[in-house]
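Working notes for the structure below.
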Amino acid sequence: MADAIISVRHLVKTYKMGDVEVHALRGINIEIVRGEFLAIMGASGSGKSTFMNIIGCLDTPSSGEYFLDDVQVSRLNRDELARLRNRKLGFVFQAFNLLPRTTALENVELPLLYSDSHSTAQRRAKAMEALAAVGLADRAGHYSNQLSGGQQQRVAIARSLVNDPVVILADEPTGNLDTRTSVEVIEIFQRLNEKGITVVLVTHEPDIAGFSERNIVFRDGKVSKVIEVENRKLASEELPKLPLIVDEIES
Amino acid sequence: MNILNVLRVSYRSLGRNKLRSFLTMLGIIIGVAAVIAMLAIGQGASDAVQQQIAGLGTNVVIVFPFASRQGVVRFQAGSTSRLTESDADAIRAQCPAVEYVTPVVRVVAQIIAGAQNWQTQVMGVYPDFEEIRNWPVQAGGYFTDTDERTAAKVCLLGQTVADNLFGSGSVPLGATVQIRNLPFKVVGVLASKGQSAMGQDNDDIVIAPFSTVQQKLAGTIYANLLFASAISSRAVSTAVDEISQFLRIKHNLRPWQSDDFTVRTQTEIASTADATTKTMTMLLASVAAISLIVGGIGIMNIMLVSVTERTREIGIRMAVGARGADVLTQFLVEAMSLSLAGGIIGVVLGVLTSKFVSNLQKWPIVISPQSIALAFAFAAVIGIFFGWYPARKAANLNPIEALRYE
């Protein structure tokens with residue numbers, strides 16, 4: 001496929017735990033199309049996290065090939081991988097992973113500090129722009145611990161998109177959030193996706209997977225199912241149906 | 001990452017833990033302050049000693065009687081003096097590089113003036129003593145050559161002696177003092193020289209004509225030592241050679257016999273004293289340097305704890321694109337900033353401590369720029385040395401494990 005942003009072939013990852021070999025991935029073939037909204041599902045231990053680490057350039061495969069935006073990643077060294085993460089990828093984690101005792105703005109600026117191509121003013125402007133995109137422009141000066149879980153995750157999303165990545169990788173981004181906040185976060189992902197950013201989401205909640213275009217299910221280190229989502233849900237439409245938690249308490 | 005960003009990131013991290021950053025610096029602060037204070041105090045002592053020795057007079061050459069030798073048995077230095085007044089006179093006549101010479105004879109005697117008495121050293125010398133030792137009077141004057149020839153009973157009092165016999169600050173010109181029950185007329189009071197480096201009171205002395213002390217107080221035909229002065233500072237070594245050669249001839253020493261005298265110069269005495277104080281200074285400074293190293297280990301300790309505590313932060317930084325080198329520089333800059341800031345505060349504290357000690361103990365101090373530079377450079381090196389290992393450890397973290405770290 002010419003327009004694959006991520007393409008993996010025969011991807012194998014084997015860990016050695018003492019004498020025992022753990023086969024985390026046993027030959028994965030996936031192509032992710034530019035602009036796609038993909039959800040990866042699977043039980044824990046199915047290899048989805050290992051897969052995310054490899055396509056996130058945090059880990060290298062034992063064998064197989066991985067092309068990210070037509071770059072052969074499997075043979076890059078540590079520094080080249082870091083550069084790739086900085087330029088092409090955005091990460092969103094389940095645990096938010098913001099720097100403590102640091103303002104939202106500084107957290108969002110972080111990837112730009114390592115790219116060396118922005119002045120202080122440009123950095124500030126880009127970070128503010130990203131914060132505005134997730135609706136938190138007014139919280140720029142707040143410290144991460146002064147924000148709610150949903151707000152922290154939105155700051156994390158702002159951080160993931162500040163470098164204009166081609167792919168945003170989100171590992172269980174709604175795992176620590178309540179239903180309504182989860183949908184709010186998904187709504188942001190869908191909005192970004194509409195602007196052309198590829199989104200790859202790991203989740204074990206079928207509800208959340210229903211917001212994507214395609215689901216890939218992992219099992220025992222292999223792709224067991226690929227599902228094209230019918231009746232894809234739109235978060236912007238779901239949101240009004242969900243009650244605010246305040247309303248629930250009142251009723 | 002450019003250096004400006006590295007600095008920004010590092011200072012923010014340090015600022016997040018102000019108390020801990022300060023406590024880490026404390027080790028370096030104390031170490032640097034101690035090194036500077038110790039060097040300042042040691043250098044001050046050394047300079048004071050040098051000044052005292054310079055106070056001996058310029059171009060001074062001193063001839064000591066040396067251990068006499070009977071076969072292979074060598075006697076204690078000064079046990080038998082074979083230096084005489086005639087040696088002094090002959091040296092003056094025969095050695096062109098020598099300007100002044102005086103024999104010196106010393107006795108300890110009880111001095112009485114009215115109801116007061118005081119025990120002190122009475123030194124018999126020629127009037128040239130004034131020139132050789134560069135020791136003027138504050139009142140009256142030295143005795144004359146005539147006094148010397150006639151063994152006149154005249155004397156000059158040191159300030160301490162005058163104070164003790166006649167009351168503080170008195171100038172008892174023309175008064176009579178009893179030295180070993182002989183009446184001496186006071187013709188002058190010596191200018192005050194203060195304490196010597198060894199804590200001796202230079203002013204606790206009485207000076208009288210050589211012939212008078214030798215004949216009437218000491219009762220000896222020998223001199224305890226000779227003071228001479230060279231015609232210029234450059235001629236000092238020539239003077240030493242001339243005196244040595246001349247005395248060997250005059251004392252009829254055979255070529256296989258060793259000298260029965262020792263010629264020493266002010267410079268030699270100065271360098272000996274200097275070596276002593278330098279040793280002391282080095283001793284103090286090395287104790288201080290040890291505390292500096294302990295401070296460095298403190299930095300390493302805290303940085304290691306910091307790396308463990310901030311594992312997740314390091315993971316986040318790596319995930320968003322920090323290379324190992326970026327993390328390494330950040331932690332190295334943090335360690336160096338701590339030690340350099342500690343160094344600066346330590347320098348200030350060291351200077352203040354030195355000044356305080358100097359005021360309290362009336363101890364002269366000399367704060368040399370070299371000692372400041374040394375302590376500061378040492379602090380910087382310690383920052384790099386002890387910061388390297390924790391920084392390396394941080395840089396080598398696996399981003400996946402770091403991100404999962406709880």
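The numbers here are math on the coordinates, done by the rules we state, and not lab data. Keep in mind it's a predicted model, so treat the numbers as computed, not measured. When we count neighbours, we look across all protein chains shown, and the Cβ atoms used for this are built from the backbone with ideal geometry, even at glycine.
Numerical summary
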{"quantity": "Estimated inter-spin distance, B:Gln138 and A:Leu239, nm [label 7 Å along Cα→Cβ]", "calculated": "9.5 nm"}
{"quantity": "Estimated [θ] at 222 nm from DSSP helical runs (n ≥ 4, -39500 (n - 2.57)) normalised by residues in chain B, nearest 500", "calculated": "-18000 deg cm²/dmol"}
{"quantity": "Cβ-based exposure ranking for A:Arg214, A:Arg75, in which fewest neighbours within 10 Å come first", "calculated": "A:Arg75, A:Arg214"}
{"quantity": "Within 10 Å of each Cβ in A:158-171, the average number of Cβ atoms from other chains", "calculated": "1"}
{"quantity": "Within straight-line cross-link reach of B:Lys355, lysines at Cα separation under 30 Å, skipping those fewer than 8 residues along the same chain", "calculated": "B:Lys18, B:Lys193, B:Lys278"}
{"quantity": "Efficiency of FRET from Cβ geometry, A:His142 and B:Ala175, R₀ 56 Å, rounded to 0.05", "calculated": "0.05"}
{"quantity": "Chain B, relative contact order [Cα under 8 Å, separation at least 6], %", "calculated": "29 percent"}
{"quantity": "Spatially proximal lysines relative to A:Lys13 (Cα-Cα < 17 Å; intrachain offsets below 8 disregarded)", "calculated": "A:Lys48, A:Lys222"}
{"quantity": "Amide hydrogen neighbours beyond the local backbone of A:Ser74, cut-off 5 Å, H modeled", "calculated": "A:Tyr66"}
{"quantity": "Pairwise label distance in nanometres, B:Ser286 with B:Leu26, each label 7 Å out on the Cα-Cβ vector", "calculated": "2.9 nm"}
{"quantity": "Built amide H within the under 5 Å cut-off of A:Val167, gap 5+", "calculated": "A:Gly90"}
{"quantity": "Peptides ranked, highest mean first, by Cβ atoms within 10 Å: ranges A:127-133, B:223-229", "calculated": "B:223-229, A:127-133"}
{"quantity": "Normalised contact order of region B:67-259, rounded percent, pairs of Cα under 8 Å and 6 or more residues apart", "calculated": "29 percent"}
{"quantity": "Filter on A:Lys126/A:Lys195; A:Lys88/A:Lys225; B:Lys153/B:Lys250 - keep pairs with C-alpha separation over 26 Å", "calculated": "A:Lys88/A:Lys225; B:Lys153/B:Lys250"}
{"quantity": "Averaged over B:45-54, number of beta-carbon atoms from partner chains that fall within 10 Å", "calculated": "0"}
{"quantity": "Sites A:Glu80 and B:Asp47, calculated FRET efficiency, Cβ-Cβ separation with R0 56 Å, nearest 0.05", "calculated": "0.40"}
{"quantity": "Region A:1-47: trypsin sites (Lys or Arg not before Pro) falling in loop per DSSP and having at most 16 other Cβ within 10 Å", "calculated": "A:Arg34"}
{"quantity": "Dimensionless Rg/Rh of region B:179-300 - Kirkwood Rh, Rg from C-alpha atoms", "calculated": "1.17"}
{"quantity": "Amide H contacts of B:Ala175 (H built 1.01 Å from N, under 5 Å, at least 5 apart or other chain)", "calculated": "B:Val186"}
{"quantity": "Residue-averaged [θ]222 nm for chain A, counting only DSSP H segments that reach four residues, each worth -39500 (n - 2.57)", "calculated": "-10000 deg cm²/dmol"}
{"quantity": "Peptide A:98-106, shielding by other chains (average Cβ, 10 Å cutoff)", "calculated": "3"}
{"quantity": "Cβ-placed point charges (K, R +1; D, E -1), dipole of the protein assembly as shown about Cα centre in debye, nearest 20", "calculated": "960 debye"}
{"quantity": "Loop trypsin sites (Lys or Arg not before Pro), region B:320-386 (other Cβ atoms within 10 Å of the site Cβ: 11 or fewer; DSSP)", "calculated": "B:Lys362"}
